[in-house]
1. For the range 310-333, which positions are of a type outside the set (Gly, Ala, Ser), closer than 25 Å to residue 177 by Cβ and in a loop (DSSP other than H, G, I, E, B)?
2. Test residue 144 against the criterion of being of a type outside the set (Gly, Ala, Ser), assigned to a helix (DSSP H, G or I), at pLDDT 90 or above and surrounded by 21 or more Cβ atoms within 10 Å (Cβ to Cβ), and give yes or no.
3. Working only within the range 309-326, note down all residues that are without any contact (Cβ under 8 Å) to a residue 40 or more places away in the chain, of a type outside the set (D, E, K, R) and either closer than 25 Å to residue 186 by Cα or buried (at least 16 other Cβ atoms within 10 Å of the Cβ) (or both).
4. Looking at this structure, is residue 349 within 19 Å of residue 187 (Cα to Cα) and small (Gly, Ala, Ser)?
5. What residue, of 84, 73, 27, is closer than 19 Å to residue 374 by Cβ, over 20 Å from the mean Cα position of the chain (by Cα) and either of a type outside the set (Ser, Thr, Tyr) or modelled with pLDDT of 95 or more (or both)?
6. Tell me, which residue of the range 327-346 that is aliphatic (A, V, I, L, M) and free of Cβ contacts under 8 Å to residues at least 40 places away in the same chain is farthest from residue 227 (Cα to Cα)?
7. So which residues in the range 329-364 are farther than 15 Å from residue 69 by Cα, surrounded by fewer than 16 Cβ atoms within 10 Å (Cβ to Cβ) and at pLDDT below 95, if there are any at all?
Amino acid sequence: MKEILEGSFKKEKLISFLPYMFCAYFILAPFYFFDSGMPQVADFILGVLIFIILLLIYTGEVDIYPHRKLVYIFGMLVSYIGIINLIFYFITQDIFIVQSILFYFFNFLVFVSFLALYTSSVDKRKFLYIILISIIISVVIQVFLSSFTIELEDLRAGSWGQIRQTIFFNNPNQLGYFVLLSACFLGIGLNYYKISITKQLIFYLGLLYLLAISLSSAVIIGFIILLFFELFKKPRLVFLIGLLSVVLFLGFFIVNFYYDVPVLDNIEERVTTIGESPDDNLAGRGYDRIVNHPEYLVFGSGEGAFERFESELGNKEMHSGIGTILFSYGIIGFSLFVALFYYIFRATGIDLILYLSPVLFYGLTHQNLRWPQFWLLVVFIYALNDYYKKTDDYILCYD
């Protein structure tokens with residue numbers, strides 16, 4: 001009996017520790033030490049976490065039974081993606097197609113692992129709060145580190161292409177997407193957790209600053225969409241964020257004037273030239289493949305061997321997450337994708353639309369579905385709604 005109790009205690013300790021591995025992932029996710037598309041240090045942490053949780057599922061210590069329908073639908077989508085890609089891999093022998101399978105399968109396991117850990121967590125509210133706090137810590141770290149990565153001479157160069165910063169990401173769009181995802185995490189989290197208005201404003205000031213140095217046009221628009229939705233739920237907070245934007249603008253003006261750094265000019269050039277770039281159109285993002293190759297519309301073309309396609313984009317992957325699902329996996333794959341989010345929408349209601357719309361908008365012009373943070377945001381929204389619909393411990397704090 002003593003051995004059983006000791007064994008149970010050890011397993012409870014292990015399960016209570018695992019949320020902090022998710023926390024470590026979120027903090028380390030912005031650090032890219034390898035080329036884009038390759039596993040990063042944070043991904044290895046997720047890999048270890050997935051392995052442990054799968055073992056716990058196998059032994060029955062954690063389970064996903066209450067949410068099995070959601071897992072089945074996601075599993076059907078990933079299975080279809082795997083089948084289509086394997087077929088076209090044997091036809092084209094393009095190894096990138098196999099990598100595409102791994103991306104979706106890995107994110108599926110991330111999704112399931114989070115869901116299983118949430119389901120089996122003794123203190124679900126604390127688990128979800130740990131995730132939210134890890135996002136805040138991650139943003140604060142990036143703001144701090146940015147002061148060591150920005151070169152003054154680059155800022156004085158006078159070109160928005162040179163002012164766009166990456167910190168430890170591989171390109172500015174990755175930094176911008178990180179900002180947008182973090183803003184959506186905080187937006188939904190503040191509906192359920194009380195965080196002082198001072199801490200909220202500090203966090204949003206950091207986000208605005210990171211957004212300004214990344215200068216991603218799609219992220220800027222996505223951020224505006226998020227603030228528009230938040231205006232109806234947290235008008236006071238949005239008003240204060242507007243004041244922060246003015247303060248940040250004045251700060252850039254001072255830097256511009258005293259240090260001869262054309263920050264405002266670069267921001268203005270970036271914003272006013274939206275739509276003028278050669279790839280700022282549907283064809284430039286690869287959507288013309290859908291029209292040029294209707295034969296793939298039903299079953300899909302597989303994700304890879306891009307030289308097969310006639311497109312203004314050329315021999316590159318489609319610059320759209322949603323467009324990739326439609327073209328690469330056809331109406332069947334796209335229907336499964338829609339079914340997955342429809343099921344989640346039925347469980348979460350308006351929250352899913354409010355806090356995922358900015359990210360999905362970004363995905364119209366960028367490949368955004370490979371990021372584990374995207375799927376963690378989806379399951380985070382789902383878990384928050386699931387928990388607070390089943391408990392009296394409900395904090396809905398609109399500022």
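The values are calculated or read from the model by the stated rules, or taken from the named source; none is laboratory data. Source: prediction; values computed, not measured. Counting neighbours? That spans all protein chains shown, and the Cβs are built from the backbone with ideal geometry, glycine included.
1. Passing the criteria: 312, 313, 315, 316, 317, 318, 319.
2. Here the answer is no, as residue 144 does not meet what is asked.
3. 309, 311, 313, 326
4. yes
5. 73
6. Filtering the range 327-346 for residues that are aliphatic (A, V, I, L, M) and free of Cβ contacts under 8 Å to residues at least 40 places away in the same chain, the one farthest from residue 227 (Cα to Cα) comes out as 331.
7. 349, 350, 353
Okay, residues lined up against (1) surrounded by fewer than 15 Cβ atoms within 10 Å (Cβ to Cβ); (2) over 14 Å from residue 304 (Cβ atoms); (3) out of contact with any Cys (no Cβ under 7 Å at 6 or more places or on another chain):
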| site | (1), (2), (3) |
| --- | --- |
| 76 | yes, yes, yes |
| 82 | no, no, yes |
| 88 | no, no, yes |
| 92 | no, no, yes |
| 95 | yes, no, yes |
| 100 | no, no, yes |
| 109 | no, yes, yes |
| 117 | no, yes, yes |
